[in-house]
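Accompanying notes for the structure given below.
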Amino acid sequence: MRNLNIFLTLSFVILSRIYLFAGEGMWIPMLLQQMNEKEMKEMGMKITAEDIYSINKSSLKDAIVLFGRGCTGEIISNEGLLLTNHHCGYGNIQKHSSIDNDYLTDGFWAMNRDEELPNPGLTATIMIEMRDVTKEVLEGVDDDSMSMIIRNSLVKENIKNAISGFEENSKYKAKIVPFFKGNQYYMIVTETFKDIRLVGAPPSNIGKFGGDTDNWMWPRHTGDFSLFRIYVDKDGNPAEYSEDNVPYQPKYFLPISIDGVDEGDFTFVFGYPARTNEYLPSYAVELITEKRNPDKIDLRETRLDIFSKYSNKYPEVRIKYASKHARVSNYWKKMIGESAGVERMKGIDKKMEFEDNFVKWADESETPQYASILIEFKKLYTKLEPLQVATDYLNEAGMAIEIVKFANTYKKLVGISKDASVSEKDIKTEIEKLKQNNQYFFKDYYQPIDEEVMSALLILYDENMPDGKYKPEFFKTIHGKFKGNYQAYTKYVFSKSMFDKENKLGEFLNTYKANRYKKIQKDPAFEIASQLGSIYNNNIRKQVLAINNSIDSLSRIYMKAQMEMLPNHRFYPDANFTLRVSYGNVSGYYPKDAVYYAPFSTLEGIMEKENPEIYDYVVTERLRELYTSKDYGEYADEDGELHVAFIASNHTTGGNSGSPVLNANGELVGVNFDRCWEGTMSDLMYDPNVCRNISIDIRYFLFIVDKYAGAGYLLNEMSLVGSN
Ligand code: ARG
Ligand code: ASP
């Protein structure tokens, strides 16, 4: 027993080294009082947990929205004014842009309500409340006797009943989400707004300053914000766009502090982190950081090099590929940082050390049934590896060829054309959809890039995917008929296919008859897509699902076991796209030996980076004027400088973009938009020494709206507080 005690103390030390530090954690709003309030106050917070999340009175949570499907936003006026990142509004700003009104390049400012631009399809969702429904969801579950399949279907049934039970009596929507790998369940009750209009966006020279070059890095100088407004019907309810709609009056909106933050200040981030995986076994971390990331990095790099080659040469290609480049590059860079970060912190060794101790604990305590968990994990991940690698190549090589992915969108047309029971009308509807989609595709398509990408990716695909059931048939054609000449095969595909020829394809659709589906089927680009599809459907999908089901089950048990092993340890659930609070302090860090990064960047740094020759570092005339005249008004810091961005030890991830960064009083001091390079592994393992979130200083936002854009009238509806 004494041994066990010593051992438990020891494993706690090791565990705390892996798991929890100031700054680490994405906490559940309704549990803040119980789990975090004390610590938050010790760190400097002056408000209460109840001020952040309450179901009895208005609270900060009423001002936080899930913006679109992947970002966070916050309400900053009594008239539904919504602040988020420029990169979150990017797609919508782009949709409103044309050569004549290029809002991406020039920025956009509605000078009155009538000029605000609607965005069909864009939504903003507010969480009304959350409830612990673990008991209801696990009703009837007997872990000792039930098979995984029966357990899963019972849980599913309970969830369905709980949701319909709630929704029958409510105007709100509900969903139920597992936490701690299915050891707990919460019901999330939400209201979704559907008339969200664009109010303002800075030019890309500001909103995307530094571009992909500075992405995931500090020091940073990006004015990454855009403004929207939520509209509702006359009764204050969510409604689709209508001229008669009125600005939404929120239950609460965030006051904005113009006092700035100092090093050491307490801050917290309130938003929608999407996915983290902090409790993975070492095998899984190894698979991600040493196999899957490197594969995908190579494939993406190949693509990006080709994009850049043409974009640097032709300005119109740069515009076409701006969004694609940003998308591919974002996670390409993130994966590099993540793998390097885990290696730097010897993450896999640390996990293994912990696992050894876990096994010892399981052996020595009364829970020998836990002892085999890690062996089981190892077996499952070994089985999963080739399937995941095959999927990665399918997506990042096969489907990354634009013409192939595009041809694949014709699958449905082929399916319904073959089906005698489908009416002509339905086929017509599908054709109209495809025509729409064609427009989007060709607007941003540059064939020479795609052709070069195709042969480059095919080579990597062929070299790295062993022959066998995961390898598409067309490689046989390449090695047979085309004698291993990838370029020749690619040329053949492009010359024969209609999917890179806008007019031909348009013509084909205009005269389409159901019996012509064979022409699609025989198209070589479509054929490639079909082969990829069959490999996925026949050899991957079900197999992965089965393994993942077992992994999920095992993860639930592993999570529970870890919680039993360390009853005094404060665990936080992995991010799952539900509203969370992270907190930390404004602080710089040492990225490497003898180098210290200060926690603030200023306009001075923008001028240092300025380079009219480099797209990412162009500074507009107007900003330079304001800099030269030092016309910062009340937005200057005490130090006389205009602060642009700051970093803090808040634990954030994708989805947190656009999240409010709040000070000890719960006032808005920043908008989160990224993380620092050395800490990009925080989705797998958090290192308090280097994990920092990056936020735009709210005063830079105000400065740009007011001084730069001359849209200062927007400030009238905001509530600015502070003593400056
Ligand atoms: N890295 C940030 C996030 O993951 C910003 C991405 C947008 N910016 C870009 N240059 N691609 O979303
Ligand atoms: N840039 C990310 C986002 O868009 C945030 C992050 O990953 O830190 O959500």
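The values are calculated or read from the model by the stated rules, or taken from the named source; none is laboratory data. Note that the structure is predicted; figures quoted are calculated from it, not measured. Positions of Cβ are backbone-derived with ideal geometry, glycine not excepted, and every protein chain shown enters the neighbour counts. Side chains included, ligands, DNA and RNA excluded: accessible areas come from the protein's heavy atoms. Shrake-Rupley method; radii C 1.70, N 1.55, O 1.52, S 1.80 Å.
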| Estimated dipole of the chain in Debye, rounded to 20 [Cβ of Lys and Arg +1, of Asp and Glu -1, Cα centre] | 3180 debye
| remark: Applying a 4.7 angstrom Cβ cut-off across the chain, unpaired cysteine residues come out as Cys676, Cys691
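Using helices alone, what [θ] at 222 nm do you get for the chain, with -39,500 (n - 2.57) per DSSP H run of 4 or more residues, divided over all residues and rounded to the nearest 500?
Numbers: 28 runs with 315 residues, N = 724.
Mean residue ellipticity at 222 nm (helix-derived): -13500 deg cm²/dmol.
Given the Cα-Cα distance of Glu263 and Ser365 and 0.36 nm per residue of separation, how much length would full extension add, in nm? Don't skip to the end; give the middle numbers.
Numbers: separation 102, 0.36 × 102 = 36.72 nm, distance 4.52 nm.
Taking 0.36 nm per residue and subtracting the Cα distance, the gain is 32.2 nm.
Restricting attention to the stretch 346-388, which GluC sites (Glu not before Pro) occupy a DSSP loop and are surrounded by at most 15 other Cβ atoms within 10 Å? Let's see the in-between values first.
Working: sites: Glu353, Glu355, Glu364, Glu366, Glu376; in loops: Glu366.
Passing both the DSSP loop test and the Cβ count: Glu366.
How would the stretch 389-460 be classified by its alpha-carbon gyration tensor: rounded, prolate or oblate, with rounded meaning a/c under 1.5 and the a/b versus b/c comparison settling the rest? Mind dumping the intermediate values first?
Values: a/c = 3.67, a/b = 1.77, b/c = 2.07.
Since a/c reaches 1.5 but b/c is at least a/b, the shape of the stretch 389-460 is classed as oblate.
For the stretch 222-303, what ratio Rg/Rh do Cα atoms give with a Kirkwood hydrodynamic radius? Before the final figure, lay out each step's value.
Numbers: Rg = 22.1 Å, Rh = 18.9 Å.
For the stretch 222-303, the value is 1.17.
Give me the net charge for the shell around Arg151: Cβ to Cβ below 13 angstrom, other residues only, Lys and Arg +1, Asp and Glu -1.
Details: positive: Lys156, Arg556; negative: Glu139, Asp142, Asp143, Asp144, Glu157, Asp552.
Surrounding charge for Arg151 is -4.
Quick one: which of Lys476/Lys522; Lys351/Lys542; Lys61/Lys208; Lys324/Lys592; Lys160/Lys379; Lys320/Lys501 span more than 22 angstrom between C-alpha atoms?
Working: Lys476/Lys522 17 Å; Lys351/Lys542 30 Å; Lys61/Lys208 28 Å; Lys324/Lys592 32 Å; Lys160/Lys379 33 Å; Lys320/Lys501 17 Å.
Violating the 22 Å Cα-Cα cut-off are Lys351/Lys542; Lys61/Lys208; Lys324/Lys592; Lys160/Lys379.
Leaving ligands, DNA and RNA out of it, report the carbon-plus-sulfur percent of the accessible area of the chain at a 1.4 Å probe. Walk me through the intermediate numbers first.
Numbers: 15790 of 31290 Å².
Carbon-and-sulfur percentage of accessible area, whole number: 50.
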| Ordering Lys592, Lys483, Lys707, Lys471 from largest to smallest accessible area (1.4 angstrom probe), what's the sequence? | Lys483, Lys592, Lys707, Lys471
| said: Rg and Dmax in Å for the stretch 304-377, alpha carbons only: what are they? | reply: 22.7, 68
| Size of the stretch 537-626 as Cα extents on the principal axes (Å, biggest first) | 60, 46, 32
| remark: Once all protein chains are kept in place, Met399 shows an accessible area at probe 1.4 Å, nearest 10 Å², of 40 Å²
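State the Kirkwood hydrodynamic radius of the chain in Å, one decimal place, computed from all pairs of distinct Cα atoms. Show your work: numbers first, answer last.
Values: mean 1/r = 0.0360 Å⁻¹.
With all distinct Cα pairs of the chain included, I get 27.8 Å.
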| field | Approximate spin-label separation Asp244-Val721, in nm, with each point projected 7 Å along Cα-to-Cβ | value | 3.8 nm
| query | How many nm separate the modelled label positions at Asn537 and Lys378, each set 7 Å beyond the Cα in the direction of the Cβ? | reply | 3.8 nm
| request: Provide the net charge surrounding Ser649, with neighbours chosen by a C-beta distance below 14 Å and charges set as Lys +1, Arg +1, Asp -1, Glu -1. | output: -4
| query | Along the Cα-to-Cβ line of Asn485, 7 Å from the Cα, sits a label point; which residues in the stretch 443-459 have backbone N less than 19 Å from it? | reply | 451-459
| message | From the gyration tensor of the Cα coordinates in the stretch 74-183, what semi-axes in whole Å does the equivalent ellipsoid have, largest first, with each one equal to sqrt(5λ)? | response | 45, 17, 12
| message | If I ignore ligands, DNA and RNA and count only protein heavy atoms, how much of Cys676 is accessible to a 1.4 Å probe, in Å² to the nearest 10? | response | 0 Å²
| task | Using R₀ = 51 Å, calculate the FRET efficiency as 1/(1 + (r/R₀)^6) where r is the Cβ-Cβ separation of Glu625 and Arg275; round to 0.05. | result | 0.75
| remark: Expressed in angstrom and rounded, the centroid-to-centroid distance over alpha carbons for the stretch 182-221 and the stretch 275-341 is 19 Å
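Between Ile55 and Lys501, what FRET efficiency follows from the Cβ-Cβ distance if R0 is 45 Å, with the result rounded to 0.05? It would help to have the intermediate numbers written out before the result.
Values: r = 58 Å, r/R0 = 1.29.
About 0.20, to the nearest 0.05.
If I stretch the segment between Ser164 and Ala514 completely, what's the gain in nm (0.36 nm per residue apart, minus their alpha carbon distance), one decimal?
121.9 nm
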| Using a 1.4 Å probe, how large is the accessible area of Arg131, given in Å² and rounded to the nearest 10? | 90 Å²
| message | Given contacts defined as C-alpha pairs under 8 Å and at least six residues apart, what's the relative contact order of the stretch 573-655, whole-number percent? | response | 42 percent
| task | Quick one, could you list the DSSP H helices from the chain stretching 18 Å or more along their long axis (Cα atoms) with average Kyte-Doolittle hydropathy of 0.5 or above? | result | 2-18
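Please give the per residue accessible area of the chain, computed with a probe of 1.4 Å over protein heavy atoms only, in Å².
Values: 31290 Å² over 724 residues.
Here the residues of the chain average 43 Å² of exposed surface.
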| Taking a ≥ b ≥ c as the square roots of the eigenvalues of the Cα gyration tensor of the stretch 465-537, is the shape rounded (a/c under 1.5), prolate (a/b larger than b/c) or oblate? | oblate
| By how many nm would the segment from Glu564 to Tyr596 lengthen if fully extended, with 0.36 nm per residue of separation less the alpha-carbon distance? | 7.5 nm
| remark: Expressed in angstrom and rounded, the centroid-to-centroid distance over alpha carbons for the stretch 514-550 and the stretch 150-169 is 33 Å
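Which whole-number percent gives the relative contact order of the chain, counting Cα pairs below 8 Å spaced six or more residues apart? Each step should come with its number before you reach the end.
Numbers: 1258 pairs, mean separation 177.0, N = 724.
It comes to 24 percent, rounded to a whole number.
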| message | Let me check I've understood the local charge: for Asp114, count other residues with C-beta under 15 angstrom from its C-beta, Lys and Arg +1, Asp and Glu -1. What total comes out? | response | -3
| task | Check each of the GluC sites (Glu not before Pro) in the stretch 182-254 and keep only those in coil by DSSP with at most 16 other C-beta atoms within 10 angstrom; list them in order. | result | Glu240, Glu243
| field | Cut-off 11 Å, label 7 Å out along Cα→Cβ of Leu460, residues of the stretch 262-304 by amide N | value | 294-304
